[in-house]
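K.L.:
Handing you this structure, nothing more for now.
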């Protein structure tokens, strides 16, 4: 099954193989990638397309002395298989130990923990400069996909790498795809270079100052070995532009490149997902709302930064949206500034972004959007504590966004409240509004407000005494369960839906002083700098006891969510123990 791969325990083993054996190795690597992805999910197409390049890299260069830096890590699986981590793809136990991204704690052949895009050239430039300062001699290689070129950091990295004046080799993997299709003017030049076999006079890499080489068939091990051998030990910044096939070797990934960029566990034989993906979901509700709104208002426009799949915007839906959908490429910073200016110009932009990626936009949120107070709308997906990989944690958005002036950050507790907040946000013109999408499809039969212009006014769901529970958004259900647990101790707590994460309701908090001893805050995110601390600060000079519950300031990695909730004491019975200890 893995006749050759089982003997590859280090990169030196690759150098011992002849071309025929390398071709067989490529097949076994693809088999191992599909095995892992079909069992636990992961990136499929990007890894299948880069197999020959990874083999050639380790055949020609001497890792880890020669340093290889992978952008995003969407393409690092073959590299991991060639550097002693095949158990992470072949055995179920091994899969738990190996992440889907590069990680220097796993191997000396990885140099950074990377899961966000467009970073490789900047990181490689730093390694190359450090090498030069120490008068060392080795190669530094960055591998970056064409989709990542649309990110601002990639262009900054290229600009500075070009004037480094020493060895840095940038491999541009051009498979004509980002996660979905590529967007942006620079891809016109890539297409021209492909069509002219790299010979076009108009060449943005040469214009920057790079030595340039093109490989038409980046899935040819022999061609890749020849190209890399010619660049090894170069003393000039160089770009090797290679054309590859995303999803190569797996029929379904070749035929539907966007769908198979990443996949949940699936059946290899037919490509069908093992998880039930049917049923009502937040993406369909949001999309249907937007389509209806566009019919009534031609100024509504959806903005996305290269991740339409996160919001269920497949090719068919994007075509229906037409001119009302703008994909700016993997450029979240630009997306925020672009949305701010759309709002200033009289349009109604709705920027769709995953929590983990809005971290890349702090300056634009502050300066381009909030400082100018333009009424753009941003929907943040997947926000909250999770068992995700350390590079894709979504628990930091509250502490980041809630402390920027002028922004209104709303946390709906139900689907009905979410839809009402979304409609208000789109129609109002006073504030930039950000909404944290619900993580679960929780419905409410309670009356829902439609006007949120009276900022920072909390909603009391149950009026009680002694203990007040302020539970934001996705943790409102936890608040309800906590209230039920307190009922067992003959305590009827006040339950509050704060709705606003960017401010406090001073009147509500002041009134609690009359007949409450403890205030409990529940937030689905990091405590430090978060929503709960604002409540604690308000009560700082009073006798009120405040208990804040949320996540610690830490990077977790594929942790069990139930274990995290126990450690953070985010369980009703644990919180009740803390409360009773104070009351006694």
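K.L.:
Fewest first, what order do 40, 579 take by the number of other Cβ atoms within 10 Å? List each step's numbers first, then the result.
P.N.:
Values: 40 15, 579 24.
In order of increasing Cβ crowding within 10 Å: 40, 579.
K.L.:
Place the peptides 489-498, 315-324, 301-310 in order of packing, highest mean first, counting for every residue the other Cβ atoms within 10 Å and averaging per peptide.
P.N.:
On the way: 489-498: 19.9, 315-324: 13.1, 301-310: 22.6.
By packing density, highest mean first, the sequence is 301-310, 489-498, 315-324.
K.L.:
Between residue 156 and residue 363, with labels modelled 7 Å along Cα→Cβ, what's the label distance in nm to one decimal, could you check?
P.N.:
Once both label points are built, they end up 0.5 nm from each other.
K.L.:
I need the peptides 151-164, 92-105 ranked by packing, meaning the mean over residues of other C-beta atoms within 10 angstrom, with the highest value on top.
P.N.:
Numbers: 151-164: 19.7, 92-105: 17.1.
Top to bottom by mean Cβ count within 10 Å: 151-164, 92-105.
K.L.:
Compute the helix-to-body angle for 51-60: its Cα long axis versus the longest principal axis of the chain, expressed 0 to 90° and rounded to tens.
P.N.:
With both axes taken from Cα atoms, the answer is about 60 degrees.
K.L.:
Residues in the stretch 339-354 near a label at residue 188, defined as backbone nitrogen under 17 Å from the 7 Å Cα→Cβ point?
P.N.:
The answer is none, because no backbone nitrogen lies closer than 17 Å to the label point.
K.L.:
For the residue pair residue 403 and residue 132, what label-to-label distance in nm results when each label sits 7 Å from Cα along the Cα-to-beta-carbon direction?
P.N.:
With each label point 7 Å from Cα toward Cβ, the separation is 3.7 nm.
K.L.:
Label the stretch 474-528 by shape, choosing from rounded, prolate and oblate, from the square roots a ≥ b ≥ c of the eigenvalues of the Cα gyration tensor; if a/c is under 1.5 it is rounded, and otherwise prolate applies when a/b is larger than b/c, oblate when it is not.
P.N.:
oblate
K.L.:
Moving on to the next point. Summing -39500 (n - 2.57) over the DSSP H runs of n ≥ 4 in the chain and dividing by its residue number, what mean residue ellipticity at 222 nm do you reach, to the nearest 500 deg cm²/dmol?
P.N.:
Values: 23 runs with 210 residues, N = 584.
Rounded to the nearest 500, it is -10000 deg cm²/dmol.
K.L.:
Can you give me the relative contact order of the chain as a percent, contacts being Cα pairs under 8 Å and 6 or more apart?
P.N.:
Values: 1207 pairs, mean separation 59.3, N = 584.
The value is 10 percent.
K.L.:
Something else now. Report the extension gain between residue 444 and residue 256 in nm, rounded to one decimal, defined as 0.36 nm multiplied by the number of residues separating them, less their alpha carbon distance.
P.N.:
On the way: separation 188, 0.36 × 188 = 67.68 nm, distance 3.82 nm.
The residue 444-residue 256 span can extend by a further 63.9 nm.
K.L.:
Would you mind classifying the stretch 388-427 by shape? Square roots of the alpha carbon gyration tensor eigenvalues, ordered a ≥ b ≥ c; an a/c under 1.5 is rounded, otherwise it is prolate if a/b is larger than b/c and oblate if not. Display every interim value, and only then the final one.
P.N.:
Details: a/c = 3.03, a/b = 1.47, b/c = 2.06.
Cα axes put the stretch 388-427 in the oblate bin.
K.L.:
Normalised radius of gyration for the stretch 5-254, please: alpha carbon Rg relative to 2.2 N^0.38 Å, two decimal places.
P.N.:
Numbers: Rg = 16.8 Å, N = 250, 2.2 N^0.38 = 17.9 Å.
In units of the 2.2 N^0.38 Å rule of thumb, it is 0.94.
K.L.:
With labels modelled as points extended 7 Å from the Cα through the Cβ direction, what inter-label distance (nm, one decimal) is found for residue 281 paired with residue 21?
P.N.:
4.5
K.L.:
Projected area of the stretch 459-583, taken from the Cα convex hull and averaged over every viewing direction, in nm²?
P.N.:
Values: hull surface 29.6 nm².
Averaged projected hull area, Cα only: 7.4 nm².
K.L.:
Going by Cα centres, the stretch 522-554 and the stretch 321-342 are how many Å apart?
P.N.:
The stretch 522-554 and the stretch 321-342 have Cα centres spaced 34 Å from each other.
K.L.:
Could you state the angle between the C-alpha long axis of helix 476-487 and the longest principal axis of the C-alpha atoms of the chain, as a value from 0 to 90 degrees rounded to the nearest 10?
P.N.:
Approximately 40 degrees, to the nearest ten.
K.L.:
Sorted by mean Cβ packing within 10 Å, highest first, what order do the peptides 410-422, 566-578 take? Intermediate results must be reported in sequence, preceding the final value.
P.N.:
Working: 410-422: 22.8, 566-578: 15.8.
Descending mean neighbour count gives 410-422, 566-578.
K.L.:
Given a cut-off of under 8 Å on Cα pairs at least six residues apart, what relative contact order in percent is computed for the stretch 1-51? Write out the running numbers ahead of the final one.
P.N.:
Numbers: 23 pairs, mean separation 16.4, N = 51.
Relative CO of the stretch 1-51 lands at 32 percent.
K.L.:
For 565, 214, what ranking results if the residue with the fewest other Cβ atoms within 10 Å of its Cβ goes first? Don't skip to the end; give the middle numbers.
P.N.:
Values: 565 16, 214 22.
Exposure proxy ranking, most exposed first: 565, 214.
K.L.:
Which whole-number percent is the relative contact order of the stretch 282-436 (Cα, under 8 Å, 6+ apart)?
P.N.:
Working: 266 pairs, mean separation 33.0, N = 155.
It rounds to 21 percent for the stretch 282-436.
K.L.:
Measure out, as a whole number of angstrom, how far apart the alpha-carbon centroids of the stretch 68-147 and the stretch 444-475 sit.
P.N.:
A separation of 46 Å, based on Cα centres.
K.L.:
Once you sort the root eigenvalues of the Cα gyration tensor of the stretch 282-436 as a ≥ b ≥ c, which label holds: rounded (a/c under 1.5), prolate (a/b larger than b/c) or oblate (the other case)? All intermediate terms of the calculation are to be shown ahead of the outcome.
P.N.:
Details: a/c = 1.33, a/b = 1.13, b/c = 1.18.
Judged from the Cα gyration tensor, the stretch 282-436 comes out rounded (a/c under 1.5).
Here, each number is a calculation from the coordinates, and none is a lab measurement. Quick caveat, the model's predicted, so the values are computed rather than measured. Backbone-built Cβ (ideal geometry, glycine too); neighbour counts: all protein chains shown.
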